[in-house]
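Everything below concerns the one structure shown next.
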Amino acid sequence: VIGPDLAYARISELAPLIRKREVSPVEVTDAVLERIDRLNPTINAYITVTSDVARDRARLAEREIADGHYRGPLHGIPYSLKDLYLTAGIRTTGGSRILRDNVPTEDSTVAQLLREAGGILVGKTNMHEFAYGTTTINPHYGTARNPWDLDRVTAGSSGGSSAATAAGLGFASMGSETGFSIRRPAAFCGVVGLKPTYGRVSRHGMLPAAWSLDHAGPLTRSVEDAALVLQAIAGHDRRDPASSDRGRPDFVGGIGHGVAGLRVGLPRHHYEHSVEPAVGAAFDAAVATLASLGAVPVEIRLPRVAYATVTSSIIMYAEVTAAHDRWIHERPEDYGEDTRGRVRLGYCVGAVDYARGQRMRRWIAEEIAATFRDVDVIASPTTPQVATPIAGGLPALRDQGFEVADGLYNLLRLYALIGIPAIAIPCGFSPDGLPISLSIAGSAYDEATILRVAHAYEQATTWSQRRPPID
Amino acid sequence: MTMGQVDHASITRQRLLAAGVPEDAIPDLLERAVAIVAGLERLAELDPQLPEPALIWQPVDEVQA
């Protein structure tokens, strides 16, 4: 029997054991499925568990490796997909009632690439309905619960992915984000969440939220594991009109090169007055740690970023409502109340507003591009607060999406808005044991630098080694 | 209401109705919708300093499979 130690192993630790046939993919997959069977009724991280598919693929991986055909570090590794990645022969609900019985006939590009890398799909994870919300309180499939405190939200929309990763119900999970739906769930659940550059990973075969904002990215239990998954899924795809043709650089090789001399930008005016005390203290300690490793903190000001949230909201509301225009008229009763309301509110955004939003987007992006002449990365707390009670929901953004003010939500929304890479990594715990997260963002197509900074920080601390109290 | 004041509630209600939102759904949305419309209106003052939008589409030179 494989206990919690192996369930919480990192891909970078497990892969060499699988390659050397010291651990079998079948053994690992059975253990993960047993764990899902035991814990998912409580955590509700999965909408669909693909036990039979997983066991078939695990047996295939075992045979391939025995025959000398090792595909790489994801070969034989159990993982999950947020339930908006189309999967051939496996239902893809988008967390919705409308698509409850939707069984695609072909894979999304991400699902295809992970299958070709030898990954073992163990299930499709819970999510906020149509990825249009921040709690993963899902009226159709139930609420995903935070493994660190079952009465707290996982955040969303990739809340099933973050909960599954935190609870050892798989070694990685593919999430997606339009505003911050990879990074905030990662922060609330104490795992790593990587949002790559817009266009770096194909969205072909993903249910859309907002086309010009949607990103695919992994949630993992270490920075190196995030790099390993990114290495497998990045690259040009003609079927995604936003896909970059910049190729697939090595995201893993330079990860251990350290941070000596790297300039870390600190836009304090966007977070110092808007974070909980424990979050602020953990972040200040994280900056001190990076400085002790040789990084150079640099104070920066980003005045246009005060408009990031409203700009993101304009574009998101318009695009999401456009995507749902038919269903919201024909099947409004099949939406949950909060998603139905938000989709309808999108009709308040007019054509002139949308065009202005696109102009604001470039205006903000120019400020950030100029900032990266002076700094190598931008650091901040990922979220202003730790995971909030399920009973209270997450009201913070409900009525603030169209306000203009300094605040940390602007940094959360900024990185998806202008498409630059950002990563969330654990950097502490609140007095009541809830994870706190550090955000590192970099310039476009420079995932390598944020992975390097995050890895250096992770290696210097022990936060990522803690486990939630569920075993 | 005096001259020059904008009736956001009326404008917002008209927008929602024109979009096909059922009349009985509007009361639950109206407060948030008015806040959105008012927020959008304030952004017009930025226009003189805003650049052209970045290219948000590219010509297609081959038919996708």
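The values are calculated or read from the model by the stated rules, or taken from the named source; none is laboratory data. Quantities reported herein were computed from a predicted structural model and do not represent experimental measurements. Don't worry about glycine lacking a Cβ; one is built from the backbone with ideal geometry, like all the others, and counts go over all protein chains shown. Surface accessibility is based on the protein's heavy atoms, side chains included, excluding ligands, DNA and RNA. Shrake-Rupley method; radii C 1.70, N 1.55, O 1.52, S 1.80 Å.
Scanning the range A:403-429 for residues that are open to solvent by less than 10 Å² (accessible area, probe 1.4 Å) and hydroxyl-bearing (Ser, Thr, Tyr) turns up just one, A:415.
Answer yes or no as to whether residue A:70 is touching a residue at least 40 places away in the same chain (Cβ under 8 Å), hydroxyl-bearing (Ser, Thr, Tyr) and open to solvent by 20 Å² or more (accessible area, probe 1.4 Å).
It is true that residue A:70 is touching a residue at least 40 places away in the same chain (Cβ under 8 Å), hydroxyl-bearing (Ser, Thr, Tyr) and open to solvent by 20 Å² or more (accessible area, probe 1.4 Å).
Here residue A:334 does not fit the description of being modelled with pLDDT under 95 and more than 8 Å from every other protein chain (Cβ to nearest Cβ). When the strands (runs of 3 or more DSSP E) confined to the range A:78-176 are screened for residues that are farther than 22 Å from residue A:30 by Cβ and in contact (Cβ under 8 Å) with a residue 40 or more places away in the chain, those reaching at least 2 such residues are found at A:149-153.
For the range A:377-384, the criterion of being out of contact with any strand residue (DSSP E or B) (no Cβ under 7 Å at 6 or more places or on another chain) and buried (at least 24 other Cβ atoms within 10 Å of the Cβ) is met by none of the residues. Contact map, the range B:43-54: first residue at the interface with another protein chain (Cβ under 7 Å from one of its Cβ atoms), second residue surrounded by 15 or more Cβ atoms within 10 Å (Cβ to Cβ) and of a type in the set (Asp, Glu), Cβ cut-off under 9 Å, separation 6 or more or different chains; pairs are B:43/A:353. Within the range A:8-47, if we keep just the residues that are in a helix (DSSP H, G or I) and hydroxyl-bearing (Ser, Thr, Tyr), the residue that is most open to solvent (accessible area, probe 1.4 Å) turns out to be A:42. Within the range A:185-198, identify whether any single residue is part of a helix (DSSP H, G or I), farther than 22 Å from residue A:79 by Cβ and open to solvent by less than 10 Å² (accessible area, probe 1.4 Å), and answer yes or no. No, the conditions are met nowhere in the range A:185-198. Among the residues examined, residue A:291 does not qualify as part of a helix (DSSP H, G or I) and either within 14 Å of another protein chain (Cβ to nearest Cβ) or of a type in the set (Asp, Glu) (or both). Residues of the range A:261-305 that are among the small types (Gly, Ala, Ser), more than 25 Å from the chain's Cα centre (by Cα) and surrounded by fewer than 16 Cβ atoms within 10 Å (Cβ to Cβ): A:261, A:288, A:291, A:292, A:294. Of the set (1) under 23 Å from residue B:13 (Cβ atoms); (2) under 26 Å from the mean Cα position of the chain (by Cα); (3) open to solvent by 10 Å² or more (accessible area, probe 1.4 Å), all apply to residue A:332 but (2).
A Cβ distance below 6 Å, combined with a sequence gap of six or more or placement on separate chains, defines the contacts here; from the range A:183-201, residues that are on the phi > 0 side of the Ramachandran plot reach no residue that is in a helix (DSSP H, G or I) and open to solvent by 10 Å² or more (accessible area, probe 1.4 Å).
Does residue A:362 meet the test of being part of a helix (DSSP H, G or I), open to solvent by 30 Å² or more (accessible area, probe 1.4 Å) and within 14 Å of chain B (Cβ to nearest Cβ)? Answer is yes for this residue.
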